[in-house]
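Student: Next up is a structure, given as structure tokens.
The values are calculated or read from the model by the stated rules, or taken from the named source; none is laboratory data. Values in this document were obtained by computation on a predicted structure and should not be read as measured data. Here the Cβ positions follow ideal geometry from the backbone for every residue, glycine too, while neighbour counts run over all protein chains shown. Just so you know, the surface numbers come from the protein's heavy atoms only, side chains and all, with ligands and any DNA or RNA stripped out. Shrake-Rupley method; radii C 1.70, N 1.55, O 1.52, S 1.80 Å.
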Amino acid sequence: MKNSHYQILKYIYDNDDAGIKEISSIMIRTHNDHRDFYSLAALLDSEYIGFTGPVYFDNNGKLETYKQVRMFQAYSQGDGSQTYDGVTIKGNKDDSYLYIGSKSIEYFNTRNETRKGWYLVAALALVTSIISGVIVSALTNG
């Protein structure tokens, strides 16, 4: 997972949810157009996150990525009715929210368990090397 994807996902995970306008304001925006939201659409498509606003699917149930990223860009333009490249959102003061999906919960739990495992292995290796050093030292000096 790219660091930019991870940072977005971690932010949503840490806060339980995040408004699309909030996320767009903290994202690294290199293009300042719809192309900046492809990573967000990838997370949505792979079910790492969910979205309370409109989500566009084709007839086969696959995310219409291009339409979705244009809609995210329209949200990022501010309050009120917004139009971006043929996609219009109705204006209201409420933000639509991104929320953590089940795959993200599994991802972070697995990552956490793996980290605990590495810490345990490192601690055991350290203790073993200290004990071995003490035994060798005692046998060579005695």
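Student: Which members of the range 95-110 meet the condition of being open to solvent by 90 Å² or more (accessible area, probe 1.4 Å), farther than 16 Å from Gln73 by Cα and not in a helix (DSSP H, G or I)?
Tutor: Matches in the range 95-110: Tyr99 only.
Student: For the range 111-142, what are the residues that are open to solvent by less than 80 Å² (accessible area, probe 1.4 Å) and within 29 Å of Tyr13 (Cβ to Cβ)?
Tutor: Passing the criteria: Asn112, Thr114, Gly117, Ala122, Ala123.
Student: Quick check: anything in the range 88-96 more than 24 Å from Arg111 (Cα to Cα), within 18 Å of the chain's Cα centre (by Cα) and of a type in the set (A, V, I, L, M)? Please lay out each step first, then the result.
Tutor: To start, the set of residues in the range 88-96 that are more than 24 Å from Arg111 (Cα to Cα) comprises 88-96.
If we keep only those that are within 18 Å of the chain's Cα centre (by Cα) as well, we get 96.
Checking the rest, the ones that are also of a type in the set (A, V, I, L, M) come to none.
For the range 88-96, residues more than 24 Å from Arg111 (Cα to Cα), within 18 Å of the chain's Cα centre (by Cα) and of a type in the set (A, V, I, L, M): absent.
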